[in-house]
Amino acid sequence: MKLRKVTAASAAVLALALTATACGGDDSGDSNSSGSGDGKKITVGIKFDQPGLGQKTPQGYEGFDVDVAAYVAKKLGYSEDQIEWKESKSADRETMLQRGDVEFIAATYSITPEREEKVDFAGPYLLAHQDVLIRADDSKIKSPKDLNSAKLCSVTGSTSAQNVKEKLAPKAQLQPYPTYSACLPGLQNGAVDALTTDDSILAGYAAQDQFKGKFKLAGFKLTNENYGIGVKKGSDLKAKINDALEAMVSDGSWEKAVKDNFGPANYQYEQAPKIGDVKS
């Protein structure tokens, strides 16, 4: 069971609460960026299409980022039915924070100097690495150089596969696919030999019921990806979220969330990073 889920029933409760508030002429339905949790709602950005991290399902929202965001929101004083989840696609994240569309974003959001010029980050809360997903019975791909004789899934708009080809395996054959999820059947049936992106994302896909036991992570750790929680530049939420992340680690909730969401993929995760410790 996931640490946190926001179900359709919870959404219904929230809708009824807001309707009742509107009838009473109160403004307490407005979002509250100060994190006081005094009966108001909080809008949080996540991914909707990343299994194991942030995914919208018929039952609600689930994944490691969802668990982290829900824990943080609770520490800020918000119950689950006070959270409004909003899809935060990679290209939209800075704009959403700058416009105030969301109070914070937890969506495989790597901390980089370029992004820090536009938004602030709490965390990091997870150290991920670019890695390669291969078939469970594959014994040929033991190092990045072995990808020179492999067909590597290339996702439109992604730089991960191109980085491997340019820096590590120039003879790798890039096979274009529209999405990571589209790569998995190809990997399973041998149309491609490997898929590359962040190991946390790969673990989330491999942990899906239909793929359990069929894939494995190569463990190459090609890059460091420091996942942080984005907030608007200058927001006082940064310090409060950092306190919440430290509490999540110390009470065991962080490790439970990792195992709940990535366990079936045998993800060899890093220990929780210290706040402010961004690995280059």
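Exactly one residue out of Gly213, Gly204 is buried (at least 19 other Cβ atoms within 10 Å of the Cβ) and either in a loop (DSSP other than H, G, I, E, B) or within 18 Å of the chain's Cα centre (by Cα) (or both), and it is Gly204. Selection of the stretch 159-194 for residues being assigned to a loop (DSSP other than H, G, I, E, B) and open to solvent by 30 Å² or more (accessible area, probe 1.4 Å) yields Thr159, Leu168, Pro170, Lys171, Pro178, Thr179, Gly190, Ala191, Asp193.
Here Glu246 does not fit the description of being open to solvent by 50 Å² or more (accessible area, probe 1.4 Å) and over 29 Å from Asp101 (Cβ atoms). In the stretch 70-94, the residue that is most open to solvent (accessible area, probe 1.4 Å) out of those that are of a type outside the set (Ser, Thr, Tyr) and not in a helix (DSSP H, G or I) is Lys89.
Would a scan of the stretch 12-31 turn up a residue that is on the phi > 0 side of the Ramachandran plot, at pLDDT 50 or above and in a loop (DSSP other than H, G, I, E, B)? Taking every residue of the stretch 12-31 in turn, none turns out to be on the phi > 0 side of the Ramachandran plot, at pLDDT 50 or above and in a loop (DSSP other than H, G, I, E, B). Condition first: open to solvent by 40 Å² or more (accessible area, probe 1.4 Å), more than 21 Å from Ser149 (Cβ to Cβ), free of Cβ contacts under 8 Å to residues at least 40 places away in the same chain and not hydroxyl-bearing (Ser, Thr, Tyr). Can you find one or more residues in the stretch 257-265 that meet it? Yes, the stretch 257-265 contains at least one residue that is open to solvent by 40 Å² or more (accessible area, probe 1.4 Å), more than 21 Å from Ser149 (Cβ to Cβ), free of Cβ contacts under 8 Å to residues at least 40 places away in the same chain and not hydroxyl-bearing (Ser, Thr, Tyr). The condition of being basic (Lys, Arg), assigned to a helix (DSSP H, G or I), over 26 Å from Pro144 (Cβ atoms) and at pLDDT 95 or above does not hold for Lys274.
Of all residues in the stretch 122-140, those satisfying the criterion of being farther than 21 Å from Ser181 by Cβ and in a loop (DSSP other than H, G, I, E, B) are Asp137, Ser139, Lys140. A residue that is part of a helix (DSSP H, G or I), open to solvent by 10 Å² or more (accessible area, probe 1.4 Å) and at pLDDT 95 or above cannot be found anywhere in the stretch 37-52.
Within the stretch 56-69, the only residue that satisfies the criterion of being in contact (Cβ under 8 Å) with a residue 40 or more places away in the chain, open to solvent by 10 Å² or more (accessible area, probe 1.4 Å) and within 20 Å of Ala206 (Cβ to Cβ) is Glu62. Filtering the stretch 55-69 to residues that are in a loop (DSSP other than H, G, I, E, B) and touching a Leu at 6+ places or on another chain (Cβ under 9 Å) leaves only Gly63.
The values are calculated or read from the model by the stated rules, or taken from the named source; none is laboratory data. It should be emphasised that the depicted structure is a prediction, and the values quoted were computed from it without experimental measurement. Neighbour counts run over all protein chains shown; Cβ positions are idealised from the backbone, glycine included. Note: areas computed on protein heavy atoms with side chains; ligands, DNA, RNA excluded. Shrake-Rupley method; radii C 1.70, N 1.55, O 1.52, S 1.80 Å.
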